1. For the stretch 140-198, what are the residues that are open to solvent by less than 20 Å² (accessible area, probe 1.4 Å), farther than 17 Å from ASN67 by Cβ and assigned to a helix (DSSP H, G or I)?
2. Confirm whether SER27 is modelled with pLDDT of 95 or more, of a type outside the set (D, E, K, R) and surrounded by 16 or more Cβ atoms within 10 Å (Cβ to Cβ).
3. Do we find a residue being more than 9 Å from the ligand (Cβ to nearest atom), at pLDDT 95 or above and within 28 Å of GLY166 (Cβ to Cβ) anywhere in the stretch 51-60?
4. If VAL161 satisfies all but one of (1) more than 19 Å from LEU107 (Cα to Cα); (2) modelled with pLDDT of 95 or more; (3) not polar (S, T, N, Q), what's the number of the condition it fails?
5. Name the residues in the stretch 1-38 that are assigned to a helix (DSSP H, G or I) and within 14 Å of the ligand (Cβ to nearest atom), would you?
6. ASN66 passes all but one of (1) open to solvent by less than 70 Å² (accessible area, probe 1.4 Å); (2) more than 10 Å from the ligand (Cβ to nearest atom); (3) in contact with a strand residue (DSSP E or B) (Cβ under 9 Å, 6 or more places away or on another chain); which number fails?
Amino acid sequence: MARILITGSNRGIGAALAAEAKGRGHSILRATRVGQGGDVIFDISNPMQVKQAMSAINQPIDIVINNAGIIGPDSPTTDMDWTAMAHTFAVNVAGALAVSTACLDHLRRSGSPRILTISSQMSYMGYAKSDRISYRASKAAVNKVMQGLATDLYPDGIAVVVVDPGWVQTDMGGAKAELTPEEVATGIIDLAERVTLEQTGKFFRWTGEERAF
Ligand SMILES: NC(=O)c1ccc[n+]([C@@H]2O[C@H](COP(=O)([O-])OP(=O)(O)OC[C@H]3O[C@@H](n4cnc5c(N)ncnc54)[C@H](OP(=O)(O)O)[C@@H]3O)[C@@H](O)[C@H]2O)c1
């Protein structure tokens, strides 16, 4: 059984991931913001706070799931809300990297360390769509950051992959979304359990099949 840290585990996909993993007998470290009942508390947009919180955790971690994220502003490219755009990148890009690097000492104590980051199909470079452009760009950026992290951590034997969870019924996805958090969580935990170093740097659908960036 694995010890799994999951960010944003108080609601939405993160809560479903925590429930699914716990149901399979894994040991869960629920990471949340303050007041949300987590085992470890940080705001992922504050890398110093993340580092400090993780330094107080003295146990190995096998799997980190970077799930926390925000949709960001709906302002268009031609009239951008700069503060909101910067915050979207601070959470969705730098936040996921800050959590990953703050967990490196813990991951190095695992026999089979893995980092999964929840990205989005909205990152896909084959789409020219421009709605929610800050979010789209942040997810494309986190894919690139995680691809680089995969390269850098390969010598350490730490697998790093990104995951497209589909369109999911959460506060972010809305009630009309195609998938429930529970079905998506089943597929993502399946992937987390079986992903290997040979697959590092790749982008997967929640169903486990590899997809294009
Ligand atoms: N739903 C979809 O259709 C969909 C599709 C593609 C990708 N995704 C991605 O899937 C992930 C989970 O999305 P969701 O639909 O479950 O969203 P959600 O229901 O809005 O939940 C977002 C989670 O992220 C946490 N979070 C946000 N900002 C944070 C911060 N600065 N520090 C720590 N935690 C923070 C929230 O914590 P609080 O409760 O404290 O705000 C919450 O737990 C996100 O990365 C999202 O981009 C979702």
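1. Scanning the stretch 140-198 gives ALA150, LEU153.
2. On the way: modelled with pLDDT of 95 or more: yes; of a type outside the set (D, E, K, R): yes; surrounded by 16 or more Cβ atoms within 10 Å (Cβ to Cβ): no.
Judged against the criteria, SER27 is not a match.
3. So in the stretch 51-60, the residues more than 9 Å from the ligand (Cβ to nearest atom) come out as 51-60.
Now restrict to residues that are at pLDDT 95 or above: 51-60.
Narrowing the set further to residues that are within 28 Å of GLY166 (Cβ to Cβ) leaves none.
There is no residue in the stretch 51-60 that is more than 9 Å from the ligand (Cβ to nearest atom), at pLDDT 95 or above and within 28 Å of GLY166 (Cβ to Cβ).
4. VAL161 satisfies every listed condition except (1).
5. So in the stretch 1-38, the residues assigned to a helix (DSSP H, G or I) come out as 12-23.
Correct list: GLY12, ILE13, GLY14, ALA15, ALA16, LEU17, ALA18, ALA19, GLU20.
6. The one condition ASN66 does not meet is (2).
The values are calculated or read from the model by the stated rules, or taken from the named source; none is laboratory data. Predicted model only: the values in this text are computed from it and were never measured. For neighbour counting, all protein chains shown are included, and Cβ atoms are generated from backbone atoms with ideal geometry for every residue, glycine included. Heads up: the accessible areas ignore ligands, DNA and RNA and are worked out on the full protein's heavy atoms, side chains in. Shrake-Rupley method; radii C 1.70, N 1.55, O 1.52, S 1.80 Å.
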